[in-house]
Amino acid sequence: MQPSFYLPPSSAEHLTIGELEQWLWDAACEIRGATDAPKFKDFILPLVFYKRLSDVFDDEFAGLVGQYGGEEVARAVLAADHEDALTTGRKPIVRFYIDEAYRWDRIRHHPADGKLGEFVTDAMRAAARHNPDLEGVVNVKDFNERQAGQRILDDDRLASLVEVLSRHRLGLHNAEPDILGRAYEYLLRKFAEGQGQSAGEFYTPKEVGWLMARLLDPQPYSTAYDPTVGSAGLLIKLRLHYNQRHTDKLSAAPHLYGQELNPTTFAMARMNLFLHDFTQSTIAIGDTLRRPAFSAEGAGLQKFDRVIANPMWNQKNYRAGFYENDKWERFGDGAPPTSSADWGWVQHMAASLKADGRAAIVLDTGAVSRGSGSRSSNKEKAVRQAFVERDWIEGVVLLPDNLFYNTSAPGIILLLNKAKPADRQGQILLVNASNYFTKEKPKNQLTDEGIEAVVEVYRQWQSRDKLSRVITLTQAQEADYNLSPSLFVDVNDRVKHRAIQTILSELAEAKRERNDADVQLGKILQSLNLGR
């Protein structure tokens, strides 16, 4: 007789976000000594994801048992449906099919006999075969991987990790997708803290993501695109912000699109979106600038309502010939220098926006100032000038120092708007939010107060002392297209200078008062001497 996986929903524990975060971090700590942060991230994240798939499958199978009155009939229905869904491409009756031989309990009870890593790898490859949507997502890690002839994660450590993850279920009745997704994001942040320089490739600080989401404010039936999607955190926050604002229109939520170069990070993005249950998403793999996935021969790039991104700053991977021979005609405003692809990315994103589209892009602060004030020509300034003259730059937000994991330098958020409202045309909002942070370890953190302040002055289009200033295109031209907020918004307390004549007059008065005091003191001393 086949084992039963039925778990009555009434007996299922319901995990809080705090419990999930602590539990997942405990699991990560189980193997921290075996390998460094980048590598143990690649082991634990697929396991967490696979456990969710397996537990949800068990719950859905339990529902079929109740529906059909027995496990044998439910298995027969499930098997037939699975084969038909694979053949026809239609949606199956379960979210994801997990082979009987590879459900989580089978992994948990497999002996640590030197073949556990191989068994886990086989389980994930089977999941990808049975569920085409999981190809390149769940099967990217070899749990039997070796380095210099030795297992990176031996069976004993792997078994310990599996056992820690087995403490709690991640089924339909144990954790809402949003809660589980938030715990997964927490795990990504913890990995980023330990990964240092390379963390910026897959993780943008969550506070920055929330600020960008609120500034972009996506609308029902819209589309959103991140060409450097990383682990999909920015797209997810954009969608979560939408959910908060449009609770009655969740079926009209934005469709999310993204592209990622790194296969492991691509897999993390897909896992992250699946765990949040954001099925209205399409993530592609590949080099976005060289081979944009969302395009068609003869039809150009696909256009989106919103673009949100944090590309790697100052990339040096692209030569002048690449920009000049672009078949999508994205770089008409000029080729960026080989020392920095920042404005190459900006031009790609602008070309990917609809006629009324908006974008929020994190860049190095130098992207809005390099070349200004110099008599010699500068490629970045030339592109920046073209965007200013076209009136596509809506704003620039200067962020605090030391927020990002790949640098201690501050970044900026460049805001593009291809169709500014009439009352904003010919103007640019510059916001200096550099003082809105708290010191944390290992990085500073943008405060909620800072997020609220930036969003408020943006929505009200307001100049505010020590925070923001609305400038005209003429003022931008006079500054030689330097759009650095610190140039226009001073956040420091100014020293109050007084007229020199006032200062001299006060010194003279002080001198007279001192002379009078000296005279009075002399008289007192003289009277004391006379009285002896």
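Values quoted throughout were computed directly from the atomic coordinates according to the rules given, and no laboratory measurement underlies them. Keep in mind the model is a prediction, meaning the values are calculated, not measured. Every residue, glycine as well, gets a Cβ built from its backbone with ideal geometry; the counts of neighbours run over all protein chains shown.
Looking at the square roots a ≥ b ≥ c of the eigenvalues of the Cα gyration tensor of the range 57-205, which shape do they give, rounded for a/c under 1.5, prolate if a/b is larger than b/c, or oblate?
It comes out prolate by the Cα gyration axes.
Please turn the phi angles of the range 387-402 into ³J(HN,Hα) values with the Karplus equation 6.51 cos²θ - 1.76 cosθ + 1.60 (θ = phi - 60°), one per residue in order, whole Hz, x for glycine and proline.
Using θ = phi - 60°, the values come out as 5, 5, 5, 7, 6, 8, 8, 8, x, 9, 10, 7, 8, x, 5, 6 Hz.
Run the helix sum for the chain: -39,500 (n - 2.57) per DSSP H stretch of 4+ residues, divided by residue count, reported at 222 nm to the nearest 500 deg cm²/dmol.
One gets -14000 deg cm²/dmol as the mean residue ellipticity at 222 nm.
Which percent, nearest 5, of DSSP beta bridges in the chain are antiparallel?
Of the beta bridges lying entirely in the chain, close to 55 percent run antiparallel.
Counting just the Cα atoms, what span does the range 82-157 cover along each of its three principal axes? Round to the nearest Å and put the largest first.
Computed over the range 82-157, the largest-to-smallest principal extents equal 44, 25, 14 Å.
What order do you get for 80-90, 263-273 when each peptide is scored by the mean count of other beta carbon atoms within 10 Å, highest first?
By packing density, highest mean first, the sequence is 263-273, 80-90.
Which whole-number percent gives the relative contact order of the range 119-270, counting Cα pairs below 8 Å spaced six or more residues apart?
20 percent
Apply 1/(1 + (r/R0)^6) to the Cβ-Cβ distance of HIS246 and LEU507, taking R0 = 60 Å, and write down the FRET efficiency to the nearest 0.05.
Efficiency at R0 = 60 Å is approximately 0.35.
Name the shape class, rounded, prolate or oblate, that the alpha-carbon gyration tensor gives for the range 194-488, where a ≥ b ≥ c are the square roots of its eigenvalues, rounded holds for a/c under 1.5, and otherwise prolate holds if a/b is larger than b/c and oblate otherwise.
Rounded.
Pull up the DSSP beta bridges for the range 179-325 and report the antiparallel fraction as a percent, rounded to 5.
15 percent
Compute the relative contact order of the chain as a whole-number percentage, counting only Cα pairs closer than 8 Å that sit 6 or more residues apart in sequence.
Result for the chain is 11 percent.
Once you charge only the Cβ atoms, +1 for Lys and Arg and -1 for Asp and Glu, what is the size of the charge dipole of the range 194-488 about its Cα centre, to the nearest 20 debye?
About 160 debye.
Averaging over every viewing direction, what projected area does the convex hull of the Cα atoms of the chain cover, in nm²?
That works out to 40.9 nm².
Collect residues whose amide H, placed 1.01 Å from N in the peptide plane, falls under 5 Å from the amide H of ASN406; neighbours closer than 5 in sequence don't count.
GLY200
Which of rounded, prolate, oblate describes the range 305-349, given a ≥ b ≥ c as roots of the alpha-carbon gyration tensor eigenvalues and a/c under 1.5 marking rounded, otherwise prolate only if a/b is larger than b/c?
oblate
If you find the alpha carbon centre of the range 140-195 and of the range 271-303, how far apart are they in angstrom?
Answer, in whole Å: 26.
Calculate how many DSSP beta bridges within the range 194-488 are antiparallel, expressed in % of all such bridges and rounded to the nearest 5.
Around 50 percent of the beta bridges assigned by DSSP in the range 194-488 are antiparallel ones.
What length, rounded to one decimal in nm, is gained on full extension from GLN477 through to GLN462, with 0.36 nm per residue of separation minus their alpha-carbon distance?
Full extension of this stretch gives 3.3 nm more.
Given H placed 1.01 Å from N in the peptide plane, which residues other than close sequence neighbours of VAL307 have an amide H under 5 Å from its amide H?
Those qualifying (amide H under 5 Å, at least 5 residues apart or on another chain) are TYR225, ARG358, ALA359, ALA360.
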